[in-house]
Amino acid sequence: MFNVLFKLKWFFKTQWRRYTVAILLLVLASVLEILPPYILGMGIDDIASDTMTSETLNTYVIILICIIVGAYVMNFIWQYQLFGGAIKLEQILRRRLMHQFLKMTPTFYEKNRTGDLMARATNDLNSVSLTAGFGIMTLIDSTLYFGAIILAMGFFISWKLTLISMIPIPIIAILMQVLGKKVHERYMIAQESFGELNDSVLESVAGVRVVRAYVQEKKDEERFHGMSEEVFQKYIRVAKINALFGPITKIGTGITYVITLGFGAILVSNGEMSVGQIVSFTIYLGMATWPIIAIGELINVMQQGNASLDRVQETLDYSPDIQDPERPNEISTVTSIGFNDFTFQYPLSHIKNLQRISLQLQKGQTLGIVGKTGAGKTTFVKQLLREYPIGDGQFRFGDIDISKLTKEQVLEWIGYVPQDHVLFSRTIRENILFGKEDASEEDIREAIRLAYFEKDLKNLPLGIETLVGEKGVSLSGGQKQRVSIARALIKDPEILILDDSLSAVDAKTETRIIENIQQERKGKTTIITTHRLSAIQHANWIIVLDDGVIVEEGTHEELTTKGGWYKEQFDRQQLEGVSSE
């Protein structure tokens, strides 16, 4: 049960001052809270024996006021320190999780559902934080505070009555331990189900337009209702176990009250205890009710915290698929990009996704990559982005194998415009500046000009300050593409990768963008994957992929004379262009 505290020892070591102060003051405050019932019992005995004087009464009152004020100050400080530490732990773990999410490669996200990761970053972190705050408090209350009360009852009043009244406690402790294990098992299952629900909601919100287009709202609602009902039932199973803790402790404390009143009356009648003592004992017994309940709360919180920490730690312990070399090479510029008999397979794939790729691209050249859907175009460019482990064969930047370079160094040279354009829920300006945060106004205007976005910008309500909405929902497909292109161009990268990034713009806009890139990026490398061959006619070299294999390669003029797939596709697109005119 206390494994979770051992697993968090790294945090307690760094925050030892905070927790030392909190625990010491919590213990001192607990000791102070034990004194008032004893003083009250003494006062009752003084009144019963007719020995109470005004001086004695004033002394009792002053002592009680000092105890109340002292306990108040101590309680404030320990609560601030203890629960402040819990918030600090949640902050540290949330930062670590975010850092882990940002450095993870696609393989990680293929293995883990987004909804489950969100559950770990929210519900699970809350449970761990609860353990470091409320859990520590209940641990102290159910052990030291409870022990102090028992000692006060035994030393100040009667060991006989104390021992007999505590008979139900071991039985309660055993029941709590059994129930605690069941809470852990059921809570793990419920959290996994909650992660699945999160993932389903995320998909529904992201694909709401498709859902509406196919009139699937009712079916989606039914699916959500079914999943939410399943999650509800699993959490109900946890709640049913949790609900047993309270009645068990209340029944147990009720039995102790019965024992106390019955056996206490016998002791008073025998003269072994006074009326004031039995009153003090009853108050102590009432004070012991919370520590007994705290035992159940402690088991509950610790088991849930342990389960949640295991889930969070599982994510934090995941090693990135791409590791930087211990002694990386450094090069100032990329003079060439070379593949030699290169073969690549996705970690979760059962076939070779790229096979025997060999080509040499010099600095300043443009490479065009074409082929059927699923031919491997995006897979090819992802090799430059270091998203997956390096395949077999040679893959070099200049004379250096790419595995000898850090991922950060490689990405610093690259400006990437993906097929799926990701825009953030900010303004157009902020989305463009994501490529280069310290860019000047002149740089922004130039990037917008190169992306041929000036006219569209004038038609937007707030121009460059227009909010694009979640994932750019307020912009058209072509506008989102051009904002993404401007974001890459403002970086002025050594290597620009356009991964089918002109599919949503018309032929005229495409031509203008390509012309701008040709003129402004002389001496720099450009890689373009596309289905529209007009976008790569100017390329220095073109490769045609089919099932991850280069089946044709050459310049545009050479390929149009070979009579292969490229020639056939070019002729078809020429005819389509003429007919559309």
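The values are calculated or read from the model by the stated rules, or taken from the named source; none is laboratory data. Owing to the predicted nature of the structure, the values given are computational and were not obtained by experimental measurement. Cβ: placed from backbone, ideal geometry, glycine included. Neighbour counts: every protein chain shown.
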Seminar exercise, completed: Within segment 501-530, the residues that are in a loop (DSSP other than H, G, I, E, B), under 21 Å from GLN573 (Cβ atoms) and at pLDDT below 85 are SER501, LEU502, SER503, ALA504, VAL505, ASP506
Exercise. Just for segment 509-555: of the residues that are within 18 Å of ASP341 (Cα to Cα) and small (Gly, Ala, Ser), which one is surrounded by the most Cβ atoms within 10 Å (Cβ to Cβ)?
Worked result: GLY548
For this session: Check SER474 against each of (1) buried (at least 19 other Cβ atoms within 10 Å of the Cβ); (2) not in a helix (DSSP H, G or I); (3) not assigned by TED's automatic domain parsing to the domain that holds PHE342 and name the one condition it does not meet.
Result: (1)
Seminar exercise, completed: Given the conditions (1) hydroxyl-bearing (Ser, Thr, Tyr); (2) surrounded by fewer than 15 Cβ atoms within 10 Å (Cβ to Cβ); (3) assigned by TED's automatic domain parsing to the domain that holds MET137; (4) in contact (Cβ under 8 Å) with a residue 40 or more places away in the chain, every one holds for SER358 apart from (3)
For this session: For segment 87-120, enumerate the residues that are within 22 Å of SER200 (Cα to Cα), within 13 Å of the chain's Cα centre (by Cα) and among the basic types (Lys, Arg).
Result: ARG113, ARG120
Exercise. If we keep just the residues of segment 218-256 that are of a type in the set (D, E, K, R) and surrounded by 13 or more Cβ atoms within 10 Å (Cβ to Cβ), which is farthest from THR282 (Cα to Cα)?
Worked result: ASP220
Seminar exercise, completed: Looking across segment 105-157 at residues that are basic (Lys, Arg) and assigned to a helix (DSSP H, G or I), the single one that is surrounded by the most Cβ atoms within 10 Å (Cβ to Cβ) is ARG120
Seminar exercise, completed: Only one of THR289, THR260, THR282 is part of a helix (DSSP H, G or I), out of contact with any helix residue (DSSP H, G or I) (no Cβ under 6 Å at 6 or more places or on another chain) and in contact (Cβ under 8 Å) with a residue 12 or more places away in the chain, namely THR282
Exercise. Is it fair to say THR20 is exposed (fewer than 14 other Cβ atoms within 10 Å of the Cβ), hydroxyl-bearing (Ser, Thr, Tyr) and in a helix (DSSP H, G or I)?
Worked result: yes
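Every residue, every condition in (1) assigned by TED's automatic domain parsing to the domain that holds GLY364; (2) at pLDDT 85 or above; (3) more than 43 Å from the chain's Cα centre (by Cα), yes or no:
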| residue | (1), (2), (3) |
| --- | --- |
| LYS234 | no, yes, no |
| GLY252 | no, no, no |
| ALA265 | no, no, yes |
| MET273 | no, no, yes |
| TYR284 | no, no, yes |
| TRP290 | no, no, no |
| LEU298 | no, no, no |
Seminar exercise, completed: Residue count, segment 99-127, condition more than 20 Å from PHE194 (Cα to Cα) and free of Cβ contacts under 8 Å to residues at least 60 places away in the same chain, comes to 2
Exercise. Any residue in segment 446-461 that is hydrophobic (A, V, I, L, M, F, W, C), in a helix (DSSP H, G or I), surrounded by fewer than 21 Cβ atoms within 10 Å (Cβ to Cβ) and out of contact with any Lys or Arg (no Cβ under 7 Å at 6 or more places or on another chain)?
Worked result: yes
Problem set entry | Matching residues, segment 394-424, being part of a loop (DSSP other than H, G, I, E, B) and either of a type in the set (Ser, Thr, Tyr) or more than 25 Å from the chain's Cα centre (by Cα) (or both) | GLY398, ASP399, LEU405, THR406, TRP413, GLN419
For this session: Would you check if there is a residue in segment 234-250 being more than 30 Å from PHE108 (Cβ to Cβ) and in contact with a Ser or Thr (Cβ under 9 Å, 6 or more places away or on another chain)?
Result: yes
Problem set entry | Among (1) of a type in the set (D, E, K, R); (2) more than 27 Å from GLU314 (Cβ to Cβ); (3) assigned to a helix (DSSP H, G or I); (4) without any contact (Cβ under 8 Å) to a residue 24 or more places away in the chain, the one test that ARG95 misses | (2)
Problem set entry | Among (1) touching a residue at least 40 places away in the same chain (Cβ under 8 Å); (2) surrounded by 14 or more Cβ atoms within 10 Å (Cβ to Cβ); (3) of a type in the set (A, V, I, L, M), the one test that ILE167 misses | (2)
Exercise. Looking at (1) more than 20 Å from THR249 (Cβ to Cβ); (2) touching a Gly at 6+ places or on another chain (Cβ under 8 Å); (3) of a type in the set (Gly, Ala, Ser); (4) buried (at least 16 other Cβ atoms within 10 Å of the Cβ), which is the one condition that is false for ALA307?
Worked result: (2)
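Yes/no matrix, rows are residues, columns are (1) in contact (Cβ under 8 Å) with a residue 24 or more places away in the chain; (2) under 19 Å from PHE12 (Cα atoms):
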position	(1), (2)
PHE83	yes, yes
SER129	yes, yes
SER142	yes, no
ILE150	yes, no
VAL178	no, no
Exercise. Looking at VAL215, VAL178, VAL183, which is the one that is surrounded by fewer than 19 Cβ atoms within 10 Å (Cβ to Cβ), part of a helix (DSSP H, G or I) and not hydroxyl-bearing (Ser, Thr, Tyr)?
Worked result: VAL178
Exercise. If HIS225 passes every condition in (1) modelled with pLDDT of 80 or more; (2) touching a helix residue (DSSP H, G or I) at 6+ places or on another chain (Cβ under 6 Å) but one, which one does it miss?
Worked result: (2)
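For (1) over 30 Å from LYS7 (Cβ atoms); (2) of a type in the set (S, T, N, Q), each residue gets a yes or a no:
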position: THR260; (1), (2): yes, yes
position: PHE263; (1), (2): yes, no
position: GLU272; (1), (2): yes, no
position: VAL275; (1), (2): yes, no
position: TYR284; (1), (2): yes, no
position: ALA288; (1), (2): yes, no
position: VAL301; (1), (2): no, no
For this session: Select from segment 493-524 the residues that are touching a Gly at 6+ places or on another chain (Cβ under 6 Å) and of a type in the set (Gly, Ala, Ser) and write down the one among them that is farthest from ILE414 (Cα to Cα).
Result: ALA504
Problem set entry | Subset of segment 412-428 [surrounded by fewer than 16 Cβ atoms within 10 Å (Cβ to Cβ) and not basic (Lys, Arg)] | GLU412, GLN419, ASP420, VAL422, PHE424, SER425
